[in-house]
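A.B. asks: Mind looking over this structure? Questions follow.
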Amino acid sequence: MGREGIYEFLEPSAGIRKKITDDCDLQDLRMQSYREGAQTLRLSGARKVAAGKTTIEEVLRVTPTVEDF
């Protein structure tokens, strides 16, 4: 198998830009991004697993856990 990237991308919408401040709450920013359709690295990886492009073990190895946030 070759390499296959998994990505987490934050589109700076008006709602996101409004929340980005010097003292922003990271969890609040993250939740706003999910409400607007962002996906986590693990979800991106799970889609690659479903497509047969990688294994669940590899996705779990390279992505952060919830506790890492």
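A.B. asks: So in the stretch 27-51, with the set limited to residues that are in a helix (DSSP H, G or I) and in contact (Cβ under 8 Å) with a residue 24 or more places away in the chain, which one is surrounded by the fewest Cβ atoms within 10 Å (Cβ to Cβ)?
C.D. replies: Only one residue fits best here, namely Q27.
A.B. asks: Out of curiosity, is E11 at pLDDT below 90, surrounded by fewer than 14 Cβ atoms within 10 Å (Cβ to Cβ), part of a helix (DSSP H, G or I) and not aliphatic (A, V, I, L, M)?
C.D. replies: Taking the combined requirement at face value, the residue does not satisfy it.
The values are calculated or read from the model by the stated rules, or taken from the named source; none is laboratory data. The model shown is predicted, which means the values in this text are computed figures rather than measured ones. Counting neighbours? That spans all protein chains shown, and the Cβs are built from the backbone with ideal geometry, glycine included.
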